[in-house]
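The values are calculated or read from the model by the stated rules, or taken from the named source; none is laboratory data. Predicted, not measured: the structure shown is a model, and the values here were computed from it. Cβ placement follows ideal geometry from the backbone for every residue including glycine, while neighbour counts extend to all protein chains displayed. These accessible areas exclude ligands, DNA and RNA; they are computed on the full protein's heavy atoms, side chains included. Shrake-Rupley method; radii C 1.70, N 1.55, O 1.52, S 1.80 Å.
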Amino acid sequence: MAKHENVIWEPLRSQLCPAELDRILRVLSDYYHFISIEQCIDMLDGKIPMQEHSLLITFDDGYRNNIDYALPVCERFNIKPVLFVSTCHIDSAQPFWFDRLDYALQQNMGGQISLEHDGRVYKFDGSSREKLTLSYQRFRNRCKQTFDDDNQINKLFSALCEELEKRSNKALSDICKDDDWSAIATWPQLRDCVKNGRLDIASHTVNHWRLDRLSEELITSQLVDSKNRIEQEIETQCRYFCYPNGSYNELAISLIKQTGYRAAFSTDVGLCRSGDDLMTLKRFSFPVGREKFEIVYLLTS
């Protein structure tokens, strides 16, 4: 969520600009009541009365532009959103793989892009931005369906990025800290926002790995290590979680309960009602089909 006029490059994924966010929230504010994550879970858990037409605003991943551009918009409507962060990326200040590969592919446009790794050939159509967008999207979807282990899929992405970066002599990591699209928020920024009551921080794992594609040991470490890291840096209890890619299974749900989280959010679409399973809460994406934020809508009956 960046200012389009200030960017060094532009991701292939559609993005949401602050003006559009302002428009959406302005419309929603006429009909709905915005709540914090604590209020949301307290209502669903029956600890406080449900308020009709309540909405919780959530942002995933931990991009710096959520603080620089989205948060000031939210504050105009008295909204305290929750930001689900992947702690490894905050610690390293390195971009997410999907941004890194996106950037690397764009630096090699001009025709067919062919890459070989581990005996397989991966091809992208770089003859135009539109065709590259489509082929990159297909590649991502195919990988998500093919790989059973997110640790392995990340090794593939790293290898492809390294080859592309070698060809162009350009890497997103070189510009990430000054880039509105891919820069990750810092711990001091997050601490300041929480201290001043501007937003809440919760877990999105350590590495942004899908929990249903990991062993029990890795799931546990992703849950515990991210929770501990947030609590260490933010100096407040981390009680809430969001599934990367919305992916979960019964093992993940069980381990989330065991590791001390009170509630977890999915990307399953739907309304939330009192009595719902707090480990698989539903959300709506706004706007549909774009790089977005999510809304948790509470129904009173």
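Observations, loosely collected:
- Distance between the pseudo-spin-label points of LYS177 and VAL224 (7 Å out from Cα toward the beta carbon): 3.3 nm.
- Using a Förster distance of 25 Å, the FRET efficiency for ASP22-GLU235 (Cβ separation, nearest 0.05): 0.20
- Sparsely packed trypsin sites (Lys or Arg not before Pro) within the range 191-248, loop by DSSP, other Cβ within 10 Å at most 13: none
- Label-point gap, in nm, between GLU52 and MET109 - each point 7 angstrom along Cα→Cβ: 5.0
- Highest mobility in the GNM of the chain, judged by mean-square fluctuation with C-alpha springs under 10 Å and restricted to THR87, THR146, THR58, is found for THR146.
- Rounded to whole Hz, the Karplus (6.51, -1.76, 1.60) HN-Hα couplings of the range 91-96, x for glycine and proline: 5, 8, 6, 9, x, 5
- In order along the range 174-183, phi translates into HN-Hα couplings of 6, 10, 3, 5, 10, 9, 5, 6, 10, 4 Hz, rounded to whole numbers, per the Karplus curve 6.51 cos²θ - 1.76 cosθ + 1.60 with θ = phi - 60° and x for Gly and Pro.
- Span from the the range 1-79 Cα centroid across to the the range 240-260 one, whole angstrom: 23
- 0 to 90° range, to nearest 10: angle between helix 18-29 axis and the chain longest Cα axis: 30
- Phi angles of the range 45-52 translate, via the Karplus equation with coefficients 6.51, -1.76, 1.60 and θ = phi - 60°, into HN-Hα couplings of 8, x, 7, 9, x, 5, 9, 4 Hz per residue; Gly and Pro are given as x.
- Shown are MET50, MET279, MET109, whose ranking by accessible area with a 1.4 Å probe and every protein chain present, most to least, is MET109, MET50, MET279.
- Set of lysines near LYS257 by C-alpha distance (under 21 Å), chain-local residues within fewer than 8 positions excluded: LYS47, LYS227, LYS282
- Residue-averaged [θ]222 nm for the chain, counting only DSSP H segments that reach four residues, each worth -39500 (n - 2.57): -12000 deg cm²/dmol
- Secondary structure note: in the range 44-131, about 60% of the DSSP beta bridges are antiparallel.
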